[in-house]
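Below is one structure; the comments refer to it alone.
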Amino acid sequence: MSLARELPRSVVAVGIFLSALLSACEQGPLSNPDDLCLVFEERPAWKEAAESARARWGVPESIQLAIVYQESRFRSDARPPRRRFLGLIPWSRPSSAYGFGQALDGTWREYVRDVERPEARRTHFPDVADFIGWYADRAHERAAVSPTVPYQLYLA
């Protein structure tokens, strides 16, 4: 009985480890982040994730990548720059924004709760693509912002 309980935990642990390892492999810089076709050629899993988010939320792949480009330049570990104390000592950051989509802590928690995905990470592109779709859907519900009009969506 004890082995039966331990097996799923070890399988989950191995899955998390492999996911983190694969995610770490994807974090290198893109050769040409300005060309959507080349981005998808270089990161085929991103194309699948963006297509999945479009199918679920209605946000075109080009808009998803434009938002990620604008927010983080495709850096999974992007954060706002630190303020400086006395102009020299690194201090706090102006916000809790983090990851590909620069999602704030509170907004990310709301997303994780709404879509019931506690394992979602701001540093994992498929999660962020889905987050952008979710966010666009919320903006559409609350402010009648079209998920296919990039300027309005970005301002929301």
Modelled label-to-label distance, residue 66 and residue 83, 7 Å Cα→beta-carbon offset: nm?
-> 3.3
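Rounded to a whole number of µm²/s, how large is the Stokes-Einstein D of segment 29-155 at 37 °C and 0.692 mPa s, given Rh as the Kirkwood radius over C-alpha pairs? Intermediate values should be presented prior to the final figure.
Details: Rh = 15.2 Å.
Reported coefficient: 216 µm²/s.
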Measuring from a point 7 Å past the Cα of residue 73 along Cα-to-C-beta, which residues in segment 113-152 have an amide N at less than 20 Å?
-> 123-125
What length, rounded to one decimal in nm, is gained on full extension from residue 143 through to residue 155, with 0.36 nm per residue of separation minus their alpha-carbon distance?
-> 3.2 nm
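FYI, it's all coordinate maths here, none of it is from the lab. A quick note: this is a predicted structure, and the numbers were derived from the prediction, not measured. With ideal geometry, Cβ positions are generated from the backbone for all residues, glycine too; neighbour counts draw on all protein chains shown.
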